[in-house]
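Structure first, commentary second.
Just so it is clear, none of the values below were taken in a lab; they were calculated from the coordinates. Quick caveat, the model's predicted, so the values are computed rather than measured. Glycine gets a Cβ as well: all are built from the backbone with ideal geometry, and neighbour counts include every protein chain shown.
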Amino acid sequence: MTAPISNDLRERVVAAVSGGESIRAVAARFGVAASSVVKWSQRHRATGSVRPAKMGGYRKRILEPHRDFIAERLAQNPHLTLHGLKAELAARGITVSHNTIWEFLRSQGLRFKKNTVCP
């Protein structure tokens with residue numbers, strides 16, 4: 001992800017638009033997109049600032065509340081497959097992708113058997 005454009009440039013762009021220059025002329029002069037000039041001007045009118053909004057953030061894992069159930073099922077049945085775990089979660093009304101389950105298991109340090117063949 002790229003970093004936001006500096007506040008200094010944003011302020012100069014907004015000042016030029018406020019001074020009466022057209023959006024396209026300001027965009028060409030400062031080498032930015034016309035859509036950026038419009039958005040920065042709108043943000044300045046609405047909030048009084050041209051600072052960018054927060055980027056990124058923390059996303060809570062959807063399976064976190066079900067960690068105990070998943071760990072218990074893996075302890076009860078060490079040969080449980082990813083598909084089997086997904087089916088059991090779906091039966092409980094938790095519909096997630098295989099990748100979501102895989103990433104959750106990896107982040108929690110939990111392991112599971114990758115196939116249904118038992119020795």
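Just tell me the longest site-free run in the chain, where the sites are trypsin sites (Lys or Arg not before Pro) in a DSSP loop having at most 10 other beta-carbon atoms within 10 Å. Longest run free of exposed loop sites: 1-53. With Rh defined as the Kirkwood radius, the inverse of the mean 1/r over Cα pairs, the Rg/Rh of segment 7-47 is 0.91.
In summary, segment 64-108 shows an alpha-carbon radius of gyration equal to 1.02 times the 2.2 N^0.38 Å reference for compact globular proteins.
Which number do you get for Rg(Cα) / (2.2 N^0.38 Å) in segment 28-119?
My calculation over the Cα atoms of segment 28-119 gives 1.87.
The value of relative contact order for the chain, using C-alpha pairs under 8 Å at least six residues apart, is 20 percent. To the nearest ten degrees, helix 34-47 and the longest principal axis of the Cα atoms of the chain are 90 degrees apart. Report, to the nearest 10°, how far helix 98-108 tilts away from the longest principal axis of the Cα atoms in the chain, using its own Cα long axis and a range of 0 to 90°. Taking Cα atoms only, the helix is inclined about 80 degrees. Projecting label points 7 angstrom from Cα along Cα→Cβ for VAL96 and ALA33 puts them 3.4 nm apart.
The long axis of helix 67-76 is offset from the longest Cα principal axis of the chain by roughly 30 degrees. Cα extents for segment 5-81 along the principal axes, largest to smallest and rounded to whole angstrom: 71, 23, 16.
The H on the amide N of LEU80, modeled in the peptide plane, is under 5 Å from the matching H of LYS113, each at least 5 residues off or on a different chain.
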